[in-house]
Amino acid sequence: MNFQDLELMDEQLELMNELSERFFSRAHQVDIEGSFPYDNIQDLKDTGYTSLTVPKKYRGKEISLFDMLRFQEKIAEGDGATALSIGWHMGIIKNLSEKRSWNENIFKKVCEDVKKGSLINGAATEPRTGSPTRGGRPETIASKDGDNWIINGRKTFTTMAPVLDYFIVSASINDSDQVGNFLIPRTTKGILIEETWDSIALRGTGSHDLVLQNVSVPGEYYVEQLVREGKKANGWLLHIPACYLGIAKAAKKYAIEFALNYSPNSVEGTIVDLPNVRHKIGEMELKLMESEYFLHSVAKQWDDADEQGRGEMGPILGAVKHTVTNNAITVVDLAMRLVGARSLSLKNPLQRYYRDVRAGLHNPPMDDMTIQVLANHAVSNFQK
């Protein structure tokens, strides 16, 4: 089956559920090896998923943010690393379509390649600057050379590096205070992927270093000048909390299945009827309800809003990421408490879920920045 041929959401979710189960069957081995889920990414390509956010004018489905997040949750229930990886690609295409910030001919070319299976992601983080959301100026430098740009530098955490066809690289413009994004095809001479990813969380994202050594790109591949102040709200980044919500749902499912089947000789029947077990299940369900309703309602708000309305959603988008990610950590912790010491077995998926959801604390926006934005927002509204 192919997502492009399925019109009903129920049919599409059924297909994604089948893929998710397939991803789960591979997740342990990928995690143990610290390898990359090539087969998962290929499955997503083969079923047409990776082109669902391509605009309709370029023969894509141009799916809503709400629909994209539901798919991303399903992927994460099977494998969080696959979900977070492909979420960047899906969201970037959606974001570029909504904001129309690139030259139309270049974006059209990228979309046509995505329809053929190409993948794209940004490369913005650097060893000395940390997360770009903190405001650090890139040490990667772009210098003009005739009609071309020459780029030198190193980017860290380049998720999905083993299979990307396009990199969006942020760089400081030589002899100026400007910072811009450059589109760099993987086939460009001077690109090197250094396999540095050794995280204990989301081990399958392939978030290696991207090294740029005298990389030359045409002038028009300087696709966007970046502004440090007044950044636009980014609804597409909700793919991040959607990933952690999916992982948390998988943890709850495992815990309930365990409770339904575990029968120590100290109790009659299984532990599912024990009050303390029921309490933990109820707590998990409450956290997941809070997360799901918050995430989905804000996604729908984004889909329904105009450009001005979306521009005012920055604080609530950050609040969603903060709430959903921290709730996911709580849910996985509750699941592990329910299951007990067995949850720490290397063969048990709960220990992988726990490591993976912790990574959400380090995805943008960070908790401290979100709380500060919310405080500023509240004070500003009070003073109006």
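We did not get these values from a lab; they are worked out from the coordinates using the rules stated. Values in this document were obtained by computation on a predicted structure and should not be read as measured data. In this analysis, Cβ positions are derived from the backbone assuming ideal geometry, glycine residues included, and neighbour counts consider all displayed protein chains.
Under the Karplus relation 6.51 cos²θ - 1.76 cosθ + 1.60, θ = phi - 60°, what is the ordered set of whole-Hz ³J(HN,Hα) values for region 136-150, x standing for Gly and Pro?
x, 7, x, 8, 5, 10, 10, 10, 6, 9, x, 8, 10, 10, 10
Can you check what the net charge comes to around G136, using other residues whose Cβ is under 13 Å from the Cβ of G136 (Lys, Arg +1; Asp, Glu -1)?
Surrounding charge for G136 is +3.
Could you please report the charge total around A81, scoring K, R as +1 and D, E as -1 over all other residues with beta-carbon less than 15 angstrom from its beta-carbon?
Residues close to A81 contribute a combined charge of -2.
Separation between the H279 and I32 pseudo-spin-labels, each 7 Å from Cα along Cα→Cβ, expressed in nm?
About 3.7 nm, to one decimal.
Find how much the distance from T187 to N17 grows on full extension, using 0.36 nm per residue of separation minus their present alpha carbon separation; answer in nm with one decimal.
57.8 nm
Once R0 is set to 56 Å, what does the formula 1/(1 + (r/R0)^6) return for the Cβ-Cβ distance between K347 and Q4, expressed as a FRET efficiency to the nearest 0.05?
After rounding, the FRET efficiency stands at 0.90.
At 7 Å along the Cα-to-beta-carbon direction for both S176 and S143, put a label point, then send me their distance in nm to one decimal.
Placing both labels 7 Å beyond Cα along the Cβ direction yields 1.6 nm.
What length, rounded to one decimal in nm, is gained on full extension from S263 through to Q213, with 0.36 nm per residue of separation minus their alpha-carbon distance?
Length gained between S263 and Q213: 12.0 nm.
Can you compute 3J(HN,Hα) from phi for each residue in region 335-340, using the Karplus curve 6.51 cos²θ - 1.76 cosθ + 1.60 with θ = phi - 60°, rounded to whole Hz and x for Gly and Pro?
4, 5, 5, 5, 6, x
D for region 122-226, whole µm²/s, Stokes-Einstein with Kirkwood Rh over alpha-carbon pairs at 37 °C and 0.692 mPa s: what number?
Rounded, D is 238 µm²/s.
Less than 18 Å apart at the alpha-carbon level, and either on another chain or at least 8 residues along: which lysines does that give for K280?
K249, K252, K253
If the cut-off is 30 Å between C-alpha atoms, which lysines fall inside it for K56, apart from same-chain ones fewer than 8 positions away?
K45, K74, K94, K99, K108, K109, K115, K116, K231, K232, K300, K321
Of the listed values [x] 21.5, 80; [y] 21.6, 75; [z] 20.7, 69, identify the label whose number matches Rg and Dmax of the Cα atoms in Å calculated from this model.
Matching entry in [x] 21.5, 80; [y] 21.6, 75; [z] 20.7, 69: [x].
Given a cut-off of under 8 Å on Cα pairs at least six residues apart, what relative contact order in percent is computed for the chain?
Over the chain, the number comes to 16 percent.
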